[in-house]
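Undergrad: Before we start, here is the structure in question, set down as structure tokens.
The values are calculated or read from the model by the stated rules, or taken from the named source; none is laboratory data. This one's a predicted model, so the numbers in the text were calculated from it and none came from an experiment. Cβ: placed from backbone, ideal geometry, glycine included. Neighbour counts: every protein chain shown. These area figures cover heavy atoms from the full protein model, side chains too; ligands, DNA and RNA do not enter into them. Shrake-Rupley method; radii C 1.70, N 1.55, O 1.52, S 1.80 Å.
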Amino acid sequence: MDEFLTAPGPILDVRSPGEYAQGHIPGAMSFPLFSDDERAKVGICYKHQGREAAVELGFDLAGPKFGGFLRQATELAPGRQVRVHCWRGGMRSGGVAWVLEMGGFQVTTLTGGYKSFRRWVRQRVAQPRPLIVLGGMTGTGKTLILHALAALGEPILDLEGWANHRGSSYGGLDMPPQPSNEQFENLVAMAWAALPLNRPLWVEAESRRIGLCRIPDELFQQMEAAPTLEITRPLAERLTILVDMYGSTDREALVVATQRIAKRLGGQRTQAAIALLRQGDLRAAFTILLDYYDRTYRYDLERRQKVIPQVDLTGCDPTAAAQRLQAKAAALRGNDIPRFHG
């Protein structure tokens, strides 16, 4: 798998468009041998008439496309080097590779296909790595600080970025559609493999699910066991961060997100928050909402029974905050606290 991922040329995923949409190797291009309907027809033929009949039907369907494959591949890979895979590394990738090789391309085919890539994904996220978890209450600017750490050269895992979700009832607002859970795992594994092995990876504290995406169990267990730094800020700063984040968000979208947590927030508080949102007083509305999120955060800390070092970031912009966290992490490592070695 590692050889395939580092070989020259673009990756051409020759599975059907539907298979590609469900999940694919990050960076791979959809280059389908069959449409979704054609794939279904070949599968039915194989089931009822056998392999030979299915192969003949496959050639009937794909044969007229061969010239188009060569022209498309030439546009995608002017250097005439490509990587090809299907689901199991069987006839579909073999057929496309044959066509492209006849057209003068150098083709690297993935043994075992996308199925083997998915095994590699699970193995990668299970690989033990040192982590530093960045915790803190809602509105403390954890994501902004995580990106600032990356700008300072620290390796990070941007789980919310890959999930296209900020993790709360409001997390999907102003964000692109979420990937499938399978594709989310693929993105995590590719990043996991590309980051240095000898340095701690910074990651934001999350629940098991980020919107519809589930953090792989192997990674989540490592996050639960890893050392955590909790950032703190005054309520006024947290409200400013949240107003900056959601100030241009559609008000009714904020209302709908608030209604989703009505049972936990309570009827009176929900109605008060919604009224303030519709009046445009986001700061007052978020003050009500933070009371709920802060109680949830404190309950989780009590449940986990972890002693977490705090870092006061009052008045710090994201870069200054990241620098302070770097210093705190270095000091903890210097004190040789065993649990800080991941």
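Undergrad: Within segment 81-95, take every residue that is among the aliphatic types (A, V, I, L, M) and within 30 Å of the chain's Cα centre (by Cα) and give me the one that is nearest to MET1 (Cα to Cα).
TA: My answer is VAL84.
Undergrad: Right, here's the next one. Answer with yes or no whether ILE156 is at pLDDT 95 or above, surrounded by 18 or more Cβ atoms within 10 Å (Cβ to Cβ), out of contact with any Gly (no Cβ under 7 Å at 6 or more places or on another chain) and farther than 27 Å from ALA21 by Cα.
TA: No: the conditions fail for ILE156.
Undergrad: Could you run through segment 94-113 and say how many residues are within 30 Å of PHE220 (Cα to Cα) and surrounded by 23 or more Cβ atoms within 10 Å (Cβ to Cβ)?
TA: Qualifying residue count for the region: 1.
Undergrad: If I filter segment 112-131 for residues that are part of a helix (DSSP H, G or I), free of Cβ contacts under 8 Å to residues at least 40 places away in the same chain and not charged (D, E, K, R), do I get at least one hit?
TA: Yes.
Undergrad: Pairs, please: C-beta under 8 Å, at least 6 apart or cross-chain, first residue on the phi < 0 side of the Ramachandran plot and in segment 242-257, second of a type in the set (A, V, I, L, M, F, W, C) and open to solvent by 20 Å² or more (accessible area, probe 1.4 Å)?
TA: Matching pairs, first to second residue: TYR246/LEU173; THR249/LEU173; ASP250/LEU173; ALA253/LEU173; LEU254/LEU173; ALA257/LEU173.
Undergrad: Is it true that some residue in segment 81-95 is out of contact with any helix residue (DSSP H, G or I) (no Cβ under 8 Å at 6 or more places or on another chain), free of Cβ contacts under 8 Å to residues at least 60 places away in the same chain and charged (D, E, K, R)?
TA: Within segment 81-95, not a single residue is out of contact with any helix residue (DSSP H, G or I) (no Cβ under 8 Å at 6 or more places or on another chain), free of Cβ contacts under 8 Å to residues at least 60 places away in the same chain and charged (D, E, K, R).
Undergrad: Out of segment 260-277, which residues are closer than 18 Å to ASP174 by Cβ and at pLDDT 95 or above?
TA: If the condition is that a residue be closer than 18 Å to ASP174 by Cβ and at pLDDT 95 or above, then LEU277 is the only one that fits.
Undergrad: Being in contact with a Leu (Cβ under 8 Å, 6 or more places away or on another chain), open to solvent by 30 Å² or more (accessible area, probe 1.4 Å) and not small (Gly, Ala, Ser), is that true of even one residue in segment 211-219?
TA: Checked against the condition, which is being in contact with a Leu (Cβ under 8 Å, 6 or more places away or on another chain), open to solvent by 30 Å² or more (accessible area, probe 1.4 Å) and not small (Gly, Ala, Ser), segment 211-219 yields no hits at all.
Undergrad: If ARG119 satisfies all but one of (1) surrounded by 17 or more Cβ atoms within 10 Å (Cβ to Cβ); (2) at pLDDT 95 or above, what's the number of the condition it fails?
TA: (1)
Undergrad: Can you work out which of the residues in segment 69-93 that are in a helix (DSSP H, G or I) and touching a strand residue (DSSP E or B) at 6+ places or on another chain (Cβ under 7 Å) is most open to solvent (accessible area, probe 1.4 Å)? Don't jump to the end; show me each part of the working.
TA: As a first pass, look at segment 69-93 and keep what is in a helix (DSSP H, G or I): 69-76, 91-93.
Checking the rest, the ones that are also touching a strand residue (DSSP E or B) at 6+ places or on another chain (Cβ under 7 Å) come to 73, 76, 93.
Working: ALA73: 1, LEU76: 61, SER93: 0 Å².
Going through the qualifying residues, I end up with LEU76.
Undergrad: Quick check on PHE66: is it among the hydrophobic types (A, V, I, L, M, F, W, C), open to solvent by 30 Å² or more (accessible area, probe 1.4 Å) and in a helix (DSSP H, G or I)?
TA: yes
Undergrad: Just for segment 233-261: of the residues that are of a type in the set (S, T, N, Q) and open to solvent by less than 30 Å² (accessible area, probe 1.4 Å), which one is nearest to ILE274 (Cα to Cα)?
TA: Filtering first and then ranking leaves THR258.
Undergrad: So is THR140 in contact with a strand residue (DSSP E or B) (Cβ under 6 Å, 6 or more places away or on another chain), in a loop (DSSP other than H, G, I, E, B) and not acidic (Asp, Glu) or not?
TA: Yes; evaluated as a whole, the condition is true for this residue.
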